[in-house]
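Peer 1: There's a structure below that I have some questions on.
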Amino acid sequence: MRINERVVQLNDKAPNANARYVLYWMQMFKRTSYNHALIWAIRKANELKLPLVVYEGLKYYYPWASDRIHTFILEGVEEKRKEYERLGIRYIFYLQNYESSQKNTVAALAKDAALIVTDDFPCFIIPGHNRRVAERAEIPVHAVDSNGIIPMSKFDKEEYAAYTIRPKINRLLGNYLKPFTEDSVEKGSVALEVDSPETPVTSAAIGNLVSECDIDHSVKPSNIYHGGTANGRKRLKKFVEEILPDYDNARNKPDRDGSSRLSAYLHFGYLSPLEIALAVQDSDAPQGSKEAYLEELIVRRELSFNMTRHNENYDSLDALPPWVHKTMREHMDDERKYIYSLEQLEAGETHDELWNACQREMVVTGEMHNYVRMLWGKNVIAWSRSYEEAFETLVHLNNKYCVDGRDPNSYAGILWCFGKHDRPWMERPVFGTIRYMTSGSTGRKFDSKKYIEWTKTFRG
Ligand SMILES: Cc1cc2nc3c(=O)[nH]c(=O)nc-3n(C[C@H](O)[C@H](O)[C@H](O)COP(=O)(O)OP(=O)(O)OC[C@H]3O[C@@H](n4cnc5c(N)ncnc54)[C@H](O)[C@@H]3O)c2cc1C
């Protein structure tokens, strides 16, 4: 049942009349400001004259769980604890390390809650979490959308491409691209006793905590990207002051620090797109750069969220339009000049030096530059036995190594390499009418030697 443009009630249970608090289960919007879910939880708590409890859990068994992803999440915990304390809100963080760790923590907390408020994120494990909690809880569950600048509910079907969603976004943007009013709790809860295990996290303890978890220890934490809103804001400040003025020109130059590199902060909700967009809008950068950036942050990003919200096949080739299926059928048996196994690709052992450099950037740093991500994906299509195998490989590598992986942008970006949100181009072997890119021509558009050399300086 829809309550408003950002909030849906996922079940039809009645609130618990003997409740001690309202529970906000924070899954994806890991921040204390510009967070519509938190604001909604505060409002509900104030309406019910109850305190608010915020719960954040980290389990060991989500797909691709690794030292890299765990570290990035844990790096944001200490600052949130301090900030929630300042706001008078009880914040609980619990790390479920391995099989024998306590489970069902949300269910235990729900017993004393009037209602559960949680994050409405349209892909990966979150839709399943929300379905299950709504079925099992004896109280109302409200899912709140704080993903984009414009609520996802404003687009009631899947959009075909950027050109179809762009005019709709432009019509609505003025209503949403404006400063945010934060609410505060009327009843403080910092000292409230609750039935939940808790894990104290300090920056000094993160290495040990991660090493104790039953996760993939081969994917090391990033040396470049560190989690938390403060780190995201530090990068945002540098971006707006030093990089944005030349963004329109430099964003397609992987050999330069020319794009925002904020996608991991967006993925984990450390920064809200609204906070970023307002900082960009208010800056003195040239209008062309601001517009180019907002096109990526709003139109492209919200198109991805629209696809994962409305297309239940977002994690397979079934999400592609009919023209792509037709051309894939016609070219499925075309001879592939090179075929690489997942192991060869993962190790960056192909004949293509630029591709190997992209792969190295991702494996070692936890990100790949925006511009070469497209080339990276296209080449895996060229070098795989089938389109299906290429898709599986891309999803696996992207989600395993990228801090910003497992996101609507991950699935939309990979599907874009197969023609999603694009149009037919000239017919070629293997690709058919899917747009084609080569390392030779892409590499001539920037100083690819410099980029390749840069990736060789990485240790890891
Ligand atoms: C094969 C492939 C895989 C991708 N995987 C991911 C992923 O796992 N996670 C992810 O966030 N993005 C992914 N993208 C989209 C895009 O490449 C990244 O968002 C971008 O590289 C992030 O770098 P940045 O923050 O410096 O971008 P900027 O150029 O600074 O752009 C600003 C913001 O706009 C958004 N954005 C930029 N480009 C796109 C795009 N093409 N589609 C949707 N939103 C965009 C991002 O939120 C980004 O942070 C993928 C693209 C491709 C082609």
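Read-outs: derived from the displayed coordinates by stated rules, not from any lab. Just so you know, these numbers come straight off a predicted model, no measurement behind them. All Cβ positions, glycine included, derive from the backbone under ideal geometry; neighbour counts span all protein chains shown.
Peer 1: Using square roots of five times the C-alpha gyration tensor eigenvalues, list the equivalent-ellipsoid semi-axes of segment 1-128 in whole Å, biggest first. Numbers along the way, then the final one.
Peer 2: Values: eigenvalues 114, 57, 49 Å².
Three semi-axes, in Å: 24, 17, 16.
Peer 1: Additional query: Can you give me the C-alpha center-to-center distance between segment 297-353 and segment 394-460, rounded to a whole angstrom?
Peer 2: That distance is 10 Å.
Peer 1: What is the gain in length, in nm to one decimal, between Glu389 and Glu186 on full extension, counting 0.36 nm per residue of separation less the C-alpha to C-alpha distance? Write down the numbers at each step before the final one.
Peer 2: Working: separation 203, 0.36 × 203 = 73.08 nm, distance 5.42 nm.
Full-extension gain reported as 67.7 nm.
Peer 1: Report the residues of segment 356-385 in range of a label on Ile224: point 7 Å along Cα→C-beta, backbone N strictly under 14 Å from it.
Peer 2: What the label zone holds, given the 14 Å backbone N cut-off, is 357-373.
Peer 1: Let me ask something else about it. Subtracting the Cα-Cα distance from 0.36 nm times the residue separation, let me have the gained length for Arg2 to Ser203 in nm, one decimal. Don't jump to the answer; show the numbers that get you there.
Peer 2: Details: separation 201, 0.36 × 201 = 72.36 nm, distance 4.00 nm.
Going from the current span to full extension adds 68.4 nm.
Peer 1: Calculate the FRET efficiency for Asn249 and Glu295 from the Cβ-Cβ distance with a Förster distance of 25 Å, rounded to the nearest 0.05.
Peer 2: 0.95
Peer 1: What's the magnitude of the charge dipole for segment 317-456 around its Cα centre, counting Lys and Arg as +1 and Asp and Glu as -1 at the beta-carbon? Answer in Debye, nearest 20. Don't jump to the answer; show the numbers that get you there.
Peer 2: Numbers: 19 positive and 21 negative charges, 96 e Å.
The calculation lands at about 460 debye.
Peer 1: Just want to confirm a number: the relative contact order over segment 317-456, from Cα pairs under 8 angstrom separated by 6+ residues, in percent.
Peer 2: For segment 317-456, the relative contact order is 33 percent.
Peer 1: Something else now. Could you tell me how many degrees, from 0 to 90 and to the nearest 10, lie between the Cα long axis of helix 229-238 and the main elongation axis, the longest principal axis, of the Cα atoms of the chain?
Peer 2: For helix 229-238, the angle is close to 50 degrees.
Peer 1: Which net charge results when you count Lys and Arg as +1 and Asp and Glu as -1 among the other residues whose beta-carbon is under 15 Å from that of Asp216?
Peer 2: Details: positive: Lys59, Arg68, Lys220, Lys400, Arg406; negative: Asp67, Glu212, Asp214, Glu346.
Residues close to Asp216 contribute a combined charge of +1.
Peer 1: Just to check I understand the Karplus step: with θ = phi - 60° and J = 6.51 cos²θ - 1.76 cosθ + 1.60, what whole-Hz values come out for segment 185-197, glycine and proline as x?
Peer 2: Those phi angles translate into 6, 8, 10, x, 9, 3, 9, 5, 7, 9, 8, 7, x Hz.
Peer 1: If you don't mind, there's one more thing I want to ask. Take every DSSP beta bridge with both residues inside segment 7-146 and express the antiparallel ones as a percent of the total, to the nearest 5. Mind dumping the intermediate values first?
Peer 2: Numbers: 3 of 22 bridges.
Just about 15 percent of them are antiparallel.
Peer 1: Would you please classify the overall shape of segment 83-145 from the alpha carbon gyration tensor, given that a ≥ b ≥ c denote the square roots of the eigenvalues, rounded means a/c under 1.5, and beyond that prolate means a/b larger than b/c while oblate covers the rest?
Peer 2: Working: a/c = 1.32, a/b = 1.08, b/c = 1.23.
Judged from the Cα gyration tensor, segment 83-145 comes out rounded (a/c under 1.5).
Peer 1: Taking 0.36 nm per residue of separation and subtracting the Cα-Cα distance, what length does fully extending Lys238 through Thr457 add? Write down the numbers at each step before the final one.
Peer 2: On the way: separation 219, 0.36 × 219 = 78.84 nm, distance 2.31 nm.
This chain segment gains 76.5 nm when fully extended.
Peer 1: Something else now. Using the Karplus curve 6.51 cos²θ - 1.76 cosθ + 1.60 with θ = phi - 60°, work out ³J(HN,Hα) for each residue of segment 301-317 in order, rounded to whole Hz, and write x for Gly and Pro.
Peer 2: With coefficients 6.51, -1.76 and 1.60, one gets 5, 6, 5, 5, 5, 4, 5, 5, 5, 9, 10, 5, 9, 4, 9, 8, 5 Hz.
Peer 1: Shifting gears a bit: Which of rounded, prolate or oblate describes the chain when judged by the alpha-carbon gyration tensor and an a/c cut-off of 1.5? If you can, show how the numbers build up before the last one.
Peer 2: Numbers: a/c = 1.66, a/b = 1.58, b/c = 1.05.
In terms of gyration-tensor shape, prolate.
Peer 1: Here's another thing I want to ask about it. What does the net charge come to around Ala292 if you take all other residues with beta carbon closer than 12 Å to its beta carbon, with K and R at +1 and D and E at -1? Display every interim value, and only then the final one.
Peer 2: Numbers: positive: Arg251, Lys290, Arg300; negative: Asp246, Asp248, Glu291, Glu295, Glu296.
Around Ala292, the surrounding residues sum to -2.
Peer 1: Right, here's the next one. Set the Förster distance to 35 Å, then compute FRET efficiency between Tyr160 and Ile339 from the Cβ-Cβ distance, nearest 0.05. Let's see the in-between values first.
Peer 2: Working: r = 33 Å, r/R0 = 0.94.
That gives a FRET efficiency of 0.60.
Peer 1: Please compute the contact order of segment 84-216 in relative form: average sequence separation of alpha-carbon pairs under 8 Å and at least six residues apart, divided by the residue count, as a percent.
Peer 2: On the way: 102 pairs, mean separation 54.1, N = 133.
Value for segment 84-216: 41 percent.
Peer 1: Let me ask something else about it. Given the DSSP H assignment, sum -39500 (n - 2.57) over each helix run of at least 4 residues in the chain and divide by its residue total; what's the result at 222 nm in deg cm²/dmol, nearest 500? Before the final figure, lay out each step's value.
Peer 2: Values: 21 runs with 196 residues, N = 460.
Theoretical 222 nm ellipticity from helices: -12000 deg cm²/dmol.
Peer 1: So what J values fall out for segment 13-30 if you push phi through Karplus, 6.51 cos²θ - 1.76 cosθ + 1.60 with θ = phi - 60°, rounded to Hz, Gly and Pro as x?
Peer 2: 7, 8, x, 6, 5, 9, 5, 9, 6, 9, 10, 9, 8, 8, 9, 10, 9, 7
Peer 1: Which is farthest toward the positive dipole end of the chain among Val403, Ser304, Leu415, measuring Cα position about the Cα centre, with Cβ charges +1 (Lys, Arg) and -1 (Asp, Glu)?
Peer 2: Ser304
Peer 1: Helix 387-401 versus the longest principal axis of the chain: what angle, 0 to 90°, nearest 10, using Cα atoms?
Peer 2: Long axis of 387-401 versus the principal axis of the chain: about 50 degrees.
Peer 1: Amide H to amide H, which residues 5 or more places from Arg90 or on other chains are under 5 Å from it, using H placed in the peptide plane?
Peer 2: Leu52, Val54, Ser189, Val190
Peer 1: Something else about it: Considering only the chain, what is the antiparallel percent among its DSSP beta bridges, to the nearest 5?
Peer 2: Values: 5 of 25 bridges.
Around 20 percent antiparallel, to the nearest 5.
Peer 1: Across segment 122-273, what fraction of all alpha-carbon pairs, as a whole percent, falls in each successive 5 Å bin from zero upward?
Peer 2: Answer for segment 122-273: a P(r) of 1, 6, 8, 11, 17, 18, 16, 11, 7, 4, 1 percent.
Peer 1: Next question. How high is the relative contact order of the chain, given as a whole-number percent (alpha carbon pairs under 8 Å, six or more residues apart)? Before the final figure, lay out each step's value.
Peer 2: Numbers: 781 pairs, mean separation 87.3, N = 460.
Dividing the mean separation by the residue count of the chain yields 19 percent.
Peer 1: Using a Förster radius of 22 Å, what is the FRET efficiency between Lys168 and Ser283 based on their Cβ-Cβ separation? Nearest 0.05, please. Show your work: numbers first, answer last.
Peer 2: Details: r = 26 Å, r/R0 = 1.17.
Calculated value: 0.30.
Peer 1: Let me ask something additional. Please report the Cα spread of segment 317-456 along all three principal axes, rounded to whole Å, starting with the longest.
Peer 2: Extents along the principal axes: 40, 29, 27 Å.
Peer 1: Compute the helix-to-body angle for 77-87: its Cα long axis versus the longest principal axis of the chain, expressed 0 to 90° and rounded to tens.
Peer 2: 40
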